[in-house]
Amino acid sequence: VYIHVPEGAIPKDGPSAGITLLTALISTFTGIKPKAKLAMTGEITLRGKLSPVGGIKEKILAAKRAEIYDIVLPADNQNNVNEIDAKYIEGMRFHYFNDMTQALKFNLEY
């Protein structure tokens, strides 16, 4: 599968959309919808592990502005969340995973 993400109005940098793209692909091929109001980020290694990514604070605050309160993150990014002042993430739920299979089971509605 080849995914082309051209330059456009929204800057893109790094592999942090890995779990998001995989969820979209699996959803497309199986017809299983992803959960609504769910944000996700994380790099996927060649062995299927979810690796930490940067910009966690900014991504979480952007999700909150969009009224998305459930966030899927690599387990290794938990320390980044813990560094955010609690008043900014009040009411948000963080779901941490170590591998893509765990994350996919959570992300997709069964």
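Sort out which residues of the range 34-44 are of a type outside the set (Gly, Ala, Ser) and surrounded by 13 or more Cβ atoms within 10 Å (Cβ to Cβ), and write them in order of number. Even if it seems obvious, please write down each step before you answer.
Quick first cut of the range 34-44, residues of a type outside the set (Gly, Ala, Ser) only: 34-35, 37-38, 40-41, 43-44.
34, 35, 38, 40, 41, 43, 44, listed by residue number.
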**Fill in**
In the range 55-92, anything surrounded by fewer than 16 Cβ atoms within 10 Å (Cβ to Cβ) and β-branched (Val, Ile, Thr) is listed as 84
**Message:** Let me spell it out: the conditions are (1) crowded, with 16+ Cβ neighbours inside 10 Å; (2) out of contact with any Asp or Glu (no Cβ under 6 Å at 6 or more places or on another chain), and residue 52 meets all of them except one. Which number is the exception?
**Reply:** (2)
**Item:** the range 20-41, residues that are over 12 Å from residue 105 (Cβ atoms) and of a type in the set (Val, Ile, Thr)
**Value:** 20, 28, 30, 41
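Given 47, 93, 65, which one is of a type in the set (D, E, K, R), out of contact with any Lys or Arg (no Cβ under 7 Å at 6 or more places or on another chain) and touching a residue at least 12 places away in the same chain (Cβ under 8 Å)?
Details: 47 fails: touching a residue at least 12 places away in the same chain (Cβ under 8 Å); 65 fails: touching a residue at least 12 places away in the same chain (Cβ under 8 Å).
Of 47, 93, 65, the one residue that is of a type in the set (D, E, K, R), out of contact with any Lys or Arg (no Cβ under 7 Å at 6 or more places or on another chain) and touching a residue at least 12 places away in the same chain (Cβ under 8 Å) is 93.
Read-outs: derived from the displayed coordinates by stated rules, not from any lab. Please read all numbers here as calculations on a predicted model, not as lab measurements. So basically every Cβ, Gly included, is an ideal-geometry build from the backbone, and we count neighbours across all protein chains shown.
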